[in-house]
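The values are calculated or read from the model by the stated rules, or taken from the named source; none is laboratory data. Please read all numbers here as calculations on a predicted model, not as lab measurements. Heads up, the Cβs are rebuilt from the backbone with ideal geometry, glycines too, and the neighbour counts pull from every protein chain shown.
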Amino acid sequence: MAEAKSTAARPLSPHLTIYRLTLSMMMSIVHRMTGIALYIGSLLLAWWLLAVASGPNAYATFQSVASSFIGRVVLFGYTWALMHHMLGGLRHLIWDTGRGLGDAEREWLVRANLVGSIVLTIILWIVGGYLMGGLR
């Protein structure tokens with residue numbers, strides 16, 4: 001029989017506790033979470049389209065849910081998830097070209113992704129509210 005080798009000489013896999021959590025790591029996790037949120041949020045879009053196609057009563061039901069406080073929070077979150085995921089995709093596209101991979105550039109892109117998604121969401125809601133006659 002072959003002799004068993006000592007496990008002390010074998011390299012061990014790094015444990016999660018030796019890694020320092022960075023903003024780039026967190027944004028990677030958030031990017032995945034926003035992808036899931038967009039997948040689930042597409043059900044809201046389908047509900048809206050079905051309500052529009054079904055007539056005034058179905059649309060009124062959707063409108064009452066969407067215009068409630070909880071409905072607006074969900075729609076605001078959906079808008080942010082869409083903006084964040086879009087900017088995260090652009091960030092990954094930049095990285096795929098081999099640019100922005102240095103420490104400083106990577107952190108700048110991650111911060112720009114976070115700040116940009118918040119700013120774009122607020123701008124969209126202000127413009128949308130203005131075009132719809134004000135946020136009621």
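Miscellaneous remarks
- Pairs meeting the criteria (first residue in the stretch 77-94 and without any contact (Cβ under 8 Å) to a residue 24 or more places away in the chain, second residue not in a helix (DSSP H, G or I), beta carbons under 7 Å, at least 6 apart or on different chains) are I94/G100.
- Failed item, numbered, when L45 is tested on (1) without any contact (Cβ under 8 Å) to a residue 40 or more places away in the chain; (2) aliphatic (A, V, I, L, M); (3) in contact with a helix residue (DSSP H, G or I) (Cβ under 7 Å, 6 or more places away or on another chain): (3)
- The number of residues in the stretch 19-74 that are surrounded by 13 or more Cβ atoms within 10 Å (Cβ to Cβ) and not in a helix (DSSP H, G or I) comes to 1.
Per-residue answers, yes or no, for (1) at pLDDT below 95; (2) closer than 23 Å to G129 by Cα:
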| residue | (1), (2) |
| --- | --- |
| M1 | yes, no |
| L12 | yes, no |
| T17 | yes, no |
| M26 | yes, no |
| Y39 | yes, no |
| V52 | no, yes |
| G55 | no, no |
| F62 | no, yes |
